[in-house]
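Presented below is the structure to which this report refers.
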Amino acid sequence: QVQLLESGGGLVQPGRSLKLSCAASGIIFRYAAMGWYRQAPGKQRELVAGISSGGSTNYADSVKGRFTISRDNAKNTVYLQMNSLKPEDTAVYYCNTRPAKEGSWGQGTQVTVSS
């Protein structure tokens, strides 16, 4: 059973940075493509960034150049470095495999960008 535990969210001012972490278990992590997703109030969950098992990355246009996804296979952990945060980045952030395993969503971590 896949288990995903996100952490690192919080309340930050616009322009500041946060780094999210996601610890995964129940999968052979080094072979798994992973992604960070987010869901803002009243909106559908969207893919923000993805990373393949080999380390190739892709980003949503809205975060390109500001967010960086990375992984540490020794720690079964995927990260999301978020810089130059904007109020529109406010959402609950989740990690999951790519494609997402629908029964495996964790609790997520809240990111609120506000002055």
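The values are calculated or read from the model by the stated rules, or taken from the named source; none is laboratory data. All of these numbers come straight from a predicted model, not from anything done at the bench. All Cβ positions, glycine included, derive from the backbone under ideal geometry; neighbour counts span all protein chains shown. Ligands, DNA and RNA are excluded from the accessible area calculation, which covers all protein heavy atoms including side chains. Shrake-Rupley method; radii C 1.70, N 1.55, O 1.52, S 1.80 Å.
Think of segment 1-67 as a dipole: +1 on every Lys or Arg Cβ, -1 on every Asp or Glu Cβ, centred on the Cα centre; then among 15, 65, 4, 15 lies furthest on the positive end.
Each label was represented as a point 7 Å from its Cα along the Cα-to-Cβ direction; for residue 25 and residue 61 these points are 4.1 nm apart. Summing Cβ point charges (Lys, Arg +1; Asp, Glu -1) relative to the Cα centre of segment 1-66 gives a dipole of roughly 140 debye.
Can you tell me the order of 85-97, 13-25, 50-62 when each peptide is scored by its average per-residue count of other Cβ atoms within 10 angstrom, highest first? Don't jump to the answer; show the numbers that get you there.
On the way: 85-97: 19.4, 13-25: 15.9, 50-62: 13.4.
So the order, starting with the most tightly packed, is 85-97, 13-25, 50-62.
Considering every alpha-carbon pair of segment 25-79, the percent of pairs per 5 Å bin, from zero through the bin containing the longest distance, is 4, 19, 27, 21, 16, 9, 3, 0.
Can you compute the charge dipole magnitude of the chain about its Cα centre, using +1 on each Lys and Arg Cβ and -1 on each Asp and Glu Cβ, nothing else charged? Give it in debye, rounded to the nearest 20. Could you put the intermediate results ahead of the total?
Working: 13 positive and 7 negative charges, 31 e Å.
Charge dipole, the chain, about its Cα centre: 160 debye, nearest 20.
The figure for residue 12 is an accessible area of roughly 20 square angstrom, using a 1.4 Å probe on the protein chains alone. Here the spin labels are modelled as points 7 Å beyond Cα on the Cα-Cβ line, and at residue 81 and residue 17 they lie 0.6 nm apart. When you restrict to C-alpha pairs under 8 Å that are six or more residues apart and normalise by the size of the chain, the relative contact order lands at 37 percent.
Stretched out straight at 0.36 nm per residue, the stretch from residue 40 to residue 5 would grow longer than its current Cα-Cα span by 10.7 nm. Karplus-based coupling profile of segment 79-93, in residue order and whole Hz: 10, 9, 8, 10, 10, 6, 5, 10, x, 6, 7, 4, 4, 8, 9, with θ = phi - 60° in 6.51 cos²θ - 1.76 cosθ + 1.60 and x standing for Gly or Pro.
Any idea what the relative contact order of segment 48-107 is, in percent, if you count C-alpha pairs under 8 Å spaced at least 6 apart? Relative contact order here is 21 percent. Separation of the alpha carbons by more than 21 angstrom is noted, of 19/86; 19/43; 43/75, for 19/43; 43/75.
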